[in-house]
Amino acid sequence: MSTNTGYYETRVCFPLPPKTQSSGLERHIFRNKTDEATANYSWYDFSLPRFELHVALIFAVTQIFHFSLKRFGVPLFTSQLIFYDLQLWLRNCVDLFELGRLIFSEAILGEEISTKLMTEDSIQVLGTIGTFGYSFFLFLIGVKTDPAMITRASKRASFVGVLSVLAPLLCILPIILLSQISEVDTLFILPCYALTAFPVITVLLSDMKILNSELGRICHSSALTGDILSMFLIVASGMLKYGLSIDKANSLFVIGSAIAFFAIVLLVLRPAMSMVVRYTPEGKPVSQTFVYLIIIAFLAYVSLNRWHRVFSLLAPYVLGLAVPNGPPLGSHLVDRFDSMIQNLFVPLFVTGCAMRVKSIDIFKDSLIMVNSAIAIVALLVKFLVCFLPQLYSKMPMNDALALALIMCSKGIVELAAFAFLIDLKLIDQNVYGFMFFVIIFTASFVPLVVKRLYDPSRKYAGYNKRNLMGLRPNSELPIVAVIHVPDNVGSIINLLEVSCPTKDNPMTVDVLHLIKLSGQAAPIFISHQKKKTFSGNSYSQNLIISFNKFQGNNWGAVSVNVHTAVSPPSLMHDDICTLALEKLASLVILPFH
């Protein structure tokens, strides 16, 4: 069979009907080799058991690597990449050629099985399922993302996000224009080198447990700004690529359908999903019918966008942005599908991309030398434009270095982008292999160095111990009261009332409402004195009313400020300590939970 989808032409021969399900290991072990009917039977000739063995090997080997490397701060993503590339390195060692095949158990399963496990057909099956999983991963990242964060981002974060994309683009443009790559292809390749990926940086911050730290919030906002700008540039470059193509009719169809897709998402789907959230009773889960409709829409858009692959990997992300993040709709989708996608489909996709790497020779290929220069210049420029302005604005050097390194980090999004470019024949195997090892290097190097540079607990170093005994007579008592569940409200108010505050001995109570981060990518900290309403959780409104009533009953003796922190449970202590430090609290009331 010959197929040509506009990318690499492939010729595949396969039996009909295809061999899917085997008859089991028993028939393979006890086969009669003198009988022609059973002599050629092998369980690994069937696609399903071969795929199941691949999944088992990928999961087992990556977990073994991760268990060994996580104590050094190496992320799981690196272990997934190392799984195949250790085997590739060993295979390329002349003296260790036989040892290199042990990853797929040639010594245990035999040469025949080892060879058949790594067929082109098996890699295509992994790639197909992995690509679907990656599309779902992008959709869920879009669901977790709140585009309105851009409007709330500080000037520093917005400045870093924009510069991290535009500065590398402007610096690598002359190199690409002087290279052998055609000008039409250049339009689409450029954003991939200067990409700032919000999902990659979010996962990195979460793995390093600095998601809700001061540096983490700056990086998070900067990454979202850079990600939206990168997405806009990719869409614009894709449209220009088609606009400059010879087939004008096809280019007009692609551009028109892309515009229609974005219009439908913005003008139809987003308002419809917001209405679903608005009419869902408070505290109740969203109707399963709406969940099924969203999944059907996701599958339909993924299928339709395969017709013009330039926008295919952006469609799930854009569709996810149309879903309101947080409860009840966004958190329901994330809770239901996120674990399966992260632990099964994403490792398959990463390993499938790793399996496409061949041996590379940098010095014998002029094209790879050009792309190597482009990659190095892009990384260096991005690092400098993120580091130098922060240093100029009096940020500590270690923090500025950590911020610049985090913004330079690469991961699954860049890996998918270059796998997509090789499918489009815009880069060759050498370039893909080189960028693959660049991604491995940054994904491994950045977490290790950032952990050395940035310690979020450093801000407590100059904190003087404060307690009730150290208060001056008739001075104001600063208290931080933490609310985690509804029952805490009445208990804390009763405790504060029995302390008998008076105008001569007043107290200031900063109430911190802790909410588990669910269905959102970014932690949130809200001071309700600055923002009078908080639509994310009705219970916060009830909490505000209760403490305002307590303040009114003790007018002049009690001052109450209410805050809400939405963060992962493992990082909630940082919100409590940060608020206590800022308010110079002498007493922290933390109910058992």
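The values are calculated or read from the model by the stated rules, or taken from the named source; none is laboratory data. This structure is a prediction, so every number in the text was calculated from the model and none was measured. Quick reminder, even Gly has a Cβ in these numbers, built from the backbone with ideal geometry, and neighbours come from all protein chains shown.
Points to keep in mind about this one:
- The stretch 269-289 residues that are at positive phi, paired with ones that are surrounded by 11 or more Cβ atoms within 10 Å (Cβ to Cβ) and not β-branched (Val, Ile, Thr) (beta carbon under 9 Å, 6 or more apart): Gly283/Pro328; Gly283/Ser538; Gly283/Tyr539
- Among residues that are modelled with pLDDT of 85 or more, in contact with an Asp or Glu (Cβ under 7 Å, 6 or more places away or on another chain) and either assigned by TED's automatic domain parsing to the domain that holds Leu571 or closer than 30 Å to Lys549 by Cβ (or both), Val480 is included.
- The stretch 46-77, residues that are in contact (Cβ under 8 Å) with a residue 60 or more places away in the chain and either β-branched (Val, Ile, Thr) or not in a helix (DSSP H, G or I) (or both): Val55, Ile58, Thr62, Gly73, Val74, Pro75
- Residue that is farthest from Ile545 (Cα to Cα) [pool: residues in the stretch 564-573 that are crowded, with 21+ Cβ neighbours inside 10 Å and not hydrophobic (A, V, I, L, M, F, W, C)]: Ser567
- Subset of the stretch 153-164 [surrounded by fewer than 24 Cβ atoms within 10 Å (Cβ to Cβ), touching a residue at least 40 places away in the same chain (Cβ under 8 Å) and outside any loop (DSSP other than H, G, I, E, B)]: Arg156, Ala157, Ser158, Phe159, Val162, Leu163
- Pick from the stretch 43-73, criterion touching a helix residue (DSSP H, G or I) at 6+ places or on another chain (Cβ under 6 Å) and farther than 21 Å from Met355 by Cβ, ranking: modelled with the lowest pLDDT: Trp43
- Criterion applied to Val566, Val562 was being more than 17 Å from Ser213 (Cα to Cα), among the hydrophobic types (A, V, I, L, M, F, W, C) and not assigned by TED's automatic domain parsing to the domain that holds Asp338, and the one residue passing it is Val562.
- Matching residues in the stretch 413-465 - criterion: being among the aliphatic types (A, V, I, L, M) and more than 22 Å from the chain's Cα centre (by Cα): Ile422, Leu424, Leu426, Ile427, Val431, Leu453, Ala461
- Here the condition is being crowded, with 22+ Cβ neighbours inside 10 Å, among the hydroxyl-bearing types (Ser, Thr, Tyr) and not assigned by TED's automatic domain parsing to the domain that holds Val74; of Ser444, Ser409, Ser393, it holds for Ser409 alone.
- Among the residues examined, Lys410 qualifies as at pLDDT below 90, within 17 Å of the chain's Cα centre (by Cα) and part of a loop (DSSP other than H, G, I, E, B).
- Subset of the stretch 267-299 [part of a helix (DSSP H, G or I) and basic (Lys, Arg)]: Arg270, Arg278
- No other residue among Thr145, Thr151 is modelled with pLDDT under 80 and in the same structural domain as Ile341 (by TED's automatic domain parsing) apart from Thr151.
- Test: residue in the stretch 520-530 that is surrounded by fewer than 18 Cβ atoms within 10 Å (Cβ to Cβ), at pLDDT below 85 and farther than 30 Å from Met208 by Cβ: yes
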